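Here the structure comes first, spelled out in structure tokens, and everything after it is commentary.
The values are calculated or read from the model by the stated rules, or taken from the named source; none is laboratory data. From a predicted model like this one, the values you see are computed outputs, not experimental measurements. Cβ sites come from the backbone with ideal geometry, for glycine too, and all protein chains shown count toward neighbours. Quick note on the areas: whole protein, heavy atoms, side chains included, nothing else; ligands and nucleic acids left out. Shrake-Rupley method; radii C 1.70, N 1.55, O 1.52, S 1.80 Å.
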Amino acid sequence: MKNVPGPPSFDGLKRRIARHRAENRPSKKDHFVRETYCLGLMDARAKAREWFDEYPKAAYWTEVESWRQLDGDQIEFTMRRLPSAD
């Protein structure tokens, strides 16, 4: 039982994800407008509400595309919407 390995390192996974993202940039066919923010929890909620108020989901397909919680009660999130309601 003394030779039980610890948890694996995530360095290899991080490199693979970074390489995949670099090689697979969004194409011009993806017409969404995106903005990424890093704000405190309450400010993040307010910013997301601004987007939904200014660009209603039914017309612009507005959504929180991704989010993650960082240290210090910070939220990093990406908002996505269509450029126009047409």
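Given charges of +1 on the Cβ of Lys and Arg and -1 on the Cβ of Asp and Glu, with all other atoms neutral, how large is the dipole of the range 1-51 about its Cα centre, in debye to the nearest 20?
It works out to roughly 220 debye.
Rounded to the nearest 500, what is the 222 nm mean residue ellipticity of the chain from helices alone, with -39500 (n - 2.57) per DSSP H run of 4+ residues and division by all residues?
-10500 deg cm²/dmol
Considering the convex hull of the alpha carbon atoms of the chain, report its projected area averaged over all viewing directions, in nm², one decimal.
That works out to 8.9 nm², a quarter of the Cα hull's surface.
Give me the extension gain from Ser9 to His31: residue separation times 0.36 nm, minus the current Cα-Cα distance, reported in nm with one decimal.
Separation in residues times 0.36 nm, less the Cα-Cα distance, equals 4.3 nm.
I'd like the accessible area for Asp30, computed on protein heavy atoms only with a 1.4 Å probe and all protein chains in place. Round to 10 Å², please.
Rounded to the nearest 10, the figure is 50 Å².
What do you get for chymotrypsin sites (Phe, Trp or Tyr not before Pro) in the range 3-86 restricted to DSSP loop and a cutoff of at most 16 other Cβ within 10 Å of the site's Cβ?
Here the sparse-neighbourhood loop sites are Phe10, Phe32, Trp61.
Within the set of other residues whose C-beta is less than 11 Å from the C-beta of Arg34, count the net charge using Lys and Arg as +1 and Asp and Glu as -1.
Its environment carries a net charge of -2.
Placing +1 at every Lys and Arg Cβ and -1 at every Asp and Glu Cβ, with all other atoms neutral, what dipole size does the chain have around its Cα centre, in debye to the nearest 20?
580 debye
Taking only C-alpha pairs under 8 Å that are 6+ residues apart, what is the relative contact order of the chain in percent?
31 percent
Suppose we flag trypsin sites (Lys or Arg not before Pro) only when DSSP calls them loop and at most 11 other Cβ atoms lie within 10 Å. Which is the longest uninterrupted stretch of the chain?
For trypsin sites (Lys or Arg not before Pro) (loop position, at most 11 other Cβ atoms within 10 Å), the longest site-free span of the chain is 30-86.
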